[in-house]
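Scroll down for the structure; my scribbles are underneath it.
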Amino acid sequence: MTPALEDLVFEVHPEVTFWVMNGERPIEQSKRRPEGRRARLALLQNYCSEIETLVFARKSLAGDLIDATAAAWTAARIARGESRAVISNPPRDSKGLRMNIFY
């Protein structure tokens, strides 16, 4: 049996991931500010010890690398069956697919 699309595709958002990583508290500093990037990198160090080296090597992509690593953290939680959804009973779009963010 072929899996349904929504069993294969999950929407994630880096700031929701960082909220979870930060003990379900938002990071007060903007991700566009140096202190905000440092706060997010500190959380990611627990998951990807190389993240700081990668970001330093590719400064022009720093924000994208930080967000992508956060998304990978959530993807790993989804694969292990540990993820949760923001909305317990999400609305559906015009094609009947759930509209939700996972973390």
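With respect to ILE51, determine if the residue is in contact with a Gly (Cβ under 8 Å, 6 or more places away or on another chain), crowded, with 17+ Cβ neighbours inside 10 Å and aliphatic (A, V, I, L, M).
Judged against the criteria, ILE51 is not a match.
Those residues that are outside any helix (DSSP H, G or I) and more than 14 Å from the chain's Cα centre (by Cα), I need them from the stretch 25-45; list them, please.
Keep residues of the stretch 25-45 that are outside any helix (DSSP H, G or I), which gives 25-33.
Across the stretch 25-45, the qualifying residues are ARG25, GLU28, GLN29, SER30, ARG32, ARG33.
Looking at (1) without any contact (Cβ under 8 Å) to a residue 40 or more places away in the chain; (2) part of a loop (DSSP other than H, G, I, E, B), which is the only condition SER83 fails?
Evaluating SER83 over (1) without any contact (Cβ under 8 Å) to a residue 40 or more places away in the chain; (2) part of a loop (DSSP other than H, G, I, E, B) leaves (1) as the failure.
Would you pick out the residues in the stretch 25-57 that are farther than 18 Å from ALA72 by Cα and among the charged types (D, E, K, R)?
Passing the criteria: ARG25, GLU28, ARG32, ARG33, GLU35, ARG38.
Look through the stretch 1-52, keep the residues that are aliphatic (A, V, I, L, M) and in contact (Cβ under 8 Å) with a residue 40 or more places away in the chain, and return whichever of them is nearest to PHE102 (Cα to Cα).
VAL12
So, in the stretch 9-53, how many residues would count as being of a type in the set (Asp, Glu) and within 17 Å of SER83 (Cβ to Cβ)?
Pass one, the stretch 9-53, residues of a type in the set (Asp, Glu): 11, 15, 24, 28, 35, 50, 52.
With the extra rule that they be within 17 Å of SER83 (Cβ to Cβ), the set shrinks to 11, 15, 24.
Total meeting the criteria: 3.
Looking for whichever is modelled with pLDDT of 90 or more, under 12 Å from the mean Cα position of the chain (by Cα) and under 30 Å from LEU5 (Cα atoms) here; the options are SER83, SER94, SER88. Which one fits?
SER83
The values are calculated or read from the model by the stated rules, or taken from the named source; none is laboratory data. Not measured: the values here are computed from a predicted model. Heads up, the Cβs are rebuilt from the backbone with ideal geometry, glycines too, and the neighbour counts pull from every protein chain shown.
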